[in-house]
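Each value in this text was obtained by applying a stated rule to the coordinates, not by laboratory testing. It should be emphasised that the depicted structure is a prediction, and the values quoted were computed from it without experimental measurement. Note: ideal-geometry Cβ built from the backbone for every residue, glycine included; neighbour counts use all protein chains shown.
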Amino acid sequence: MDSYSVGYANIALVKYWGKKSKNPVLPYNPNLSLRLDNLYSKTKIEKSKNNENEFYINDEKQSLEELNKIMNFIQKFVPNINEKITIKSYNTVPTAAGLSSSSSGTMALVLACNEYFNLQKTTKELVQISKEGSGSSCRSFYKMASWLENGEVEEIKCDLDLSMMVLVVDENRKKISSREAMERCVTTSTNFNDWVEAAKIDFEEMKIAIKENDFSKIGEITERNALYMHSTTEYATPSFSFLTDDSYKAMELVKNLRNEGLECYFTMDAGPNVKVLYLKENHEKIYRELEKLWKKKIIQCTQ
Ligand code: 2P0
């Protein structure tokens, strides 16, 4: 029997960018995400055949550093592991390219541990465990979720059929991890406090827009929130950016499409790739147009 546990990627419409506390992991601002059911990781744990702990992603043995990271995390919620294990994980998401592979991977790992070690945790407990591995992964347990400053994760009801695709700029592993980037912004960005205040307002307005099924407002807030998050990297010391010339080209494409009457909006995370948010009913039209204009890969993230 295929006993893999599946975890999904999620993309924030209001971003988590900065830890108010590291233990437990708490965000500076409330944030909110959409789960991408086509981008997932599946993970299985087995008793090791080699009498050593091992960690594979897409059949590739991971470094000792990656193995230690994952084992330290597991040991936080699985006490007294008295055997060696093999962790096998497969990503449909390119790893560490700002496509939320850490959220899908962490969710899958937490579920796999629950299964293999027979932990019998509730979803609510697994959500809280998950965020200690990768903050944003706690949102992947729900189709739409919010994660609050006090650590609570709530499911958000949304009647709109929201979809996303990714205009791939670069699938390679990013040079700076989101953890390190976030930390640098918290400690050095001169506009970090302003970002937190703006994101709090975005979060409140986003919840209202979702309740009112106001897609235009949802899109508007999504774009301005992503741009603000990225501006904190410019104001950091040393300054840096996840976005490349091609990212800006992709953002322009999205704006042009919108100006021509095909309503869609962009968002970007800790990497150069640009995600496009639209209503499912416009999927074919938007995909057809973007396929003509975007010469690189496009990933369809939702059915
Ligand atoms: C988000 N990101 O809200 C934001 C926007 C990236 C940009 O959460 O340090 O793996 O493990 O808590 O959750 C990616 O960072 O960071 C992220 P940690 P995480 O999706």
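Taking a ≥ b ≥ c as the square roots of the Cα gyration tensor eigenvalues, region 83-195 comes out rounded, since a/c falls below 1.5. Pairs of Cα atoms nearer than 8 Å and 6+ residues apart set the relative contact order; for region 130-283 it is 29 percent. Taking other residues whose beta carbon is less than 10 angstrom from the beta carbon of I57, and scoring Lys, Arg as +1 and Asp, Glu as -1, yields -1. Quick check on region 159-284: take the gyration tensor over C-alpha atoms, sort the square-rooted eigenvalues as a ≥ b ≥ c, and tell me if it's rounded (a/c under 1.5), prolate or oblate. Oblate. The stretch between L148 and E115 holds 9.1 nm of extra length on full extension. This uses 0.36 nm per residue minus the Cα-Cα distance.
In a DSSP loop and with at most 14 other Cβ atoms within 10 Å, the trypsin sites (Lys or Arg not before Pro) in region 270-303 are K295, K296, K297.
Test of understanding: what is the full-extension gain from K296 to E125, defined as 0.36 nm times their sequence separation minus their Cα-Cα distance? Before the final figure, lay out each step's value.
Details: separation 171, 0.36 × 171 = 61.56 nm, distance 4.03 nm.
Taking K296 through E125 to full extension adds about 57.5 nm, to one decimal.
Take the Cα of E66, step 7 Å toward its Cβ, do the same at S177, and the gap between the two points is 1.2 nm. When the square roots of the Cα gyration tensor eigenvalues are ordered a ≥ b ≥ c, the ratio a/c for the chain is 1.5 or more and a/b exceeds b/c, which makes its shape prolate.
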